[in-house]
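Report on the structure given below.
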Amino acid sequence: PARGRAYLHEFTEHFREYDAVLSQGELTERIAAATVTLIGDYHALPACQHFAAELIEASARERRVVLGVEAVLARDQRILDSWWRRQIPEDELRRRLRFDREWGYQWEPFYELLCSARDHTDGVYALDCMPREDLRRIRSRDRHAAAKISEIRDRHPNASMFVLFGESHLAPQHLPRS
């Protein structure tokens, strides 16, 4: 659809080139200075989820951290919370989230990220909403995620927040400041 093409065009236009490659030290400094760190998730690339887990673990050594994820629908936060409190096992979490049907990417790297977050953060939060397949309504998903991020910031004002969201959502005009 034309709207979907326009959305992706906005992303590619904004990220046509980069300013500089950051050293590990520069990246660490910028993350330490940020209250919210947006991490572009190439959903089908497990290295993205591994990278996010590494960032979270390293940051959690220095300060409080929370994680927001696109892969879980906000309506399923209570399921994620039950798993967080160790009230349900992995297989039940996966089934109740309808992960394979509603997300469809690899479970293992995402679950490893969740486990890392459970061990090192003050919370994991679901950010997404339906409809996922309709690019005509993708901006409503962005607004929903921005509102959720704002709610989480209010709940955890002293924590550093990491947000793992699909890369195309990270264009400045897509995931609005809230």
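The values are calculated or read from the model by the stated rules, or taken from the named source; none is laboratory data. Quick caveat: nothing in here was measured; it's all calculated off a predicted structure. No Cβ is skipped: glycine too gets one built from the backbone with ideal geometry, and neighbour counts run over all protein chains shown. Ligands, DNA and RNA are stripped out before the accessible areas are found, and what is left, the full protein with its side chains, is counted by its heavy atoms. Shrake-Rupley method; radii C 1.70, N 1.55, O 1.52, S 1.80 Å.
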*When the distances between all Cα atoms of region 20-104 are binned every 10 Å from zero, what whole-number percent does each bin get?*
14, 39, 33, 13, 1
*asked:* Could you tell me the relative contact order of region 25-178? Use alpha-carbon pairs under 8 Å, at least six residues apart, and round to a whole percent.
replied: 40 percent
*When ranked by the protection proxy of mean other Cβ atoms within 10 Å per residue, highest first, what sequence do the peptides 89-100, 34-45 form?*
34-45, 89-100
_If I model a spin label as a point 7 Å beyond the Cα along the Cα-Cβ vector, how far apart are those points for His50 and His120 in nm?_
1.4 nm
_Spin-label model distance (nm) - Leu22 vs Arg139, 7 Å beyond Cα toward Cβ_ = 2.9 nm
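I need the helices of the chain that pass two filters: whole DSSP H segments spanning 15 Å or more by Cα along the axis, and mean Kyte-Doolittle score no lower than -0.5.
Those that pass (Cα extent of 15 Å or more, hydropathy at least -0.5) are 46-60.
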*Of Trp103, Cys48, Ala146, farthest towards positive along the dipole that unit charges on Lys, Arg, Asp, Glu beta carbons give the chain*: Ala146
*Given H placed on each backbone N at 1.01 Å, which residues far from Asp122 in sequence or on other chains put an amide H within less than 5 Å of it?*
Val65, Val66
*Rounded to the nearest 500 deg cm²/dmol, what is the calculated helix-only ellipticity per residue at 222 nm for the chain, with -39500 (n - 2.57) per DSSP H run of length n ≥ 4?*
-15000 deg cm²/dmol
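What ranking of Trp103, Trp84 comes out by heavy-atom accessible area, probe 1.4 Å, highest first?
These residues rank, largest area first, as Trp84, Trp103.
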*Starting with the highest mean, order 22-31, 120-129 by the number of other Cβ atoms within 10 Å, averaged over the residues of each peptide.*
120-129, 22-31
*Per residue, how much space in cubic angstrom lies within the convex hull of the C-alpha atoms of region 13-67?*
112 Å³
